[in-house]
Amino acid sequence: MVTPGSRAAQRVAAALEELRAHGWELLHGVHRPGRPRATLDHVAVGPGGVVVVDAVRSPGTPHEREDAARMACDVASLLPPRHRTAVVSVLCAVGQPLAVSPGGAGVAVVSDAHLAEHLRSLPHRFDDDDVRAVAAQLRELLAGPHSPSVLSAQAWEQRTAPVSVPSLAVLGTAAAPPGTSGTPASQRSTHATAARAGSVQERRVRRRPAPSRVEHLLTRLGLLGLLVGGCALWVHALG
């Protein structure tokens, strides 16, 4: 790793400048998320995604490669989840004769002479609108007065979640009976109507069923028999 503003860092910045003509935007010497005393040498945002470029004087030690991979994760945490896989890190070996070689931890190692060519060869990840939006977001967060925190996916969603505004129907149920708070009035009316209908239906089920025609006829014959028997007893008593 080289000192920000050193000749090596300036060489890397100069190598990246030619990318502007190909739709890339560049940030130099910006905050590293979650580490207020650390900086990122270079961040390039373009059709190939977001590339965190760390300038080194050698092909990169295992520690430098692992740290470069963590840099990409730190920057990715500031972006929406859909853009996070588009963030990669590259170690730029200043003044080295190598072209591009795969490094450990998924970090490529490339010389400054081949840096721009390597970034242009990356698979297409962003369109022009994505480039502008992501570059503006990273510029605001990384080039501001304070180092931003590393955000988890859950923290990012909470940070960007829309503010919910309670509706008038909900506000009007503040003094509603228990069990109805937060329920719109139209739904409560529907529930009450359904409850009344269910109660009436239950009473109808419990009510004694109407007698059949046979039962009605038998009842009338019984009454007639009692009447005839009573009359016979009355006549017998008179005789």
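The values are calculated or read from the model by the stated rules, or taken from the named source; none is laboratory data. If you're wondering where the values come from, they're calculated on a predicted model, not measured in any experiment. All Cβ positions, glycine included, derive from the backbone under ideal geometry; neighbour counts span all protein chains shown. Just the protein is used for accessible areas: all its heavy atoms, side chains included, with ligands, DNA and RNA removed. Shrake-Rupley method; radii C 1.70, N 1.55, O 1.52, S 1.80 Å.
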Discussion item. If each residue of separation counts as 0.36 nm, what is the full-extension length gain between residue 17 and residue 57 once their alpha-carbon separation is subtracted?
Written reply: 12.4 nm
Worksheet item: What is the dipole size for the range 52-119, taken about its Cα centre, with +1 at each Lys and Arg Cβ and -1 at each Asp and Glu Cβ, in debye to the nearest 20?
Response: 200 debye
Discussion item. From the alpha carbon gyration tensor of the range 71-152, can you work out the equivalent ellipsoid semi-axes (sqrt of 5 times each eigenvalue) and give them in Å, largest to smallest?
Written reply: 25, 15, 13
Worksheet item: Got a number for the accessible area of residue 114? Probe 1.4 Å, square angstrom, nearest 10.
Response: 60 Å²
Discussion item. Suppose the chain between residue 120 and residue 105 were pulled fully straight at 0.36 nm per residue; how much longer would it get relative to their current alpha carbon spacing?
Written reply: 3.2 nm
Worksheet entry | Rg [Å, one decimal], Dmax [Å, integer] - the range 22-113, C-alpha atoms | 12.6, 37
Worksheet item: Plugging the Kirkwood radius over Cα pairs into Stokes-Einstein for the range 26-73, at a temperature of 25 °C and a viscosity of 0.890 mPa s, what D comes out in µm²/s?
Response: 215 µm²/s
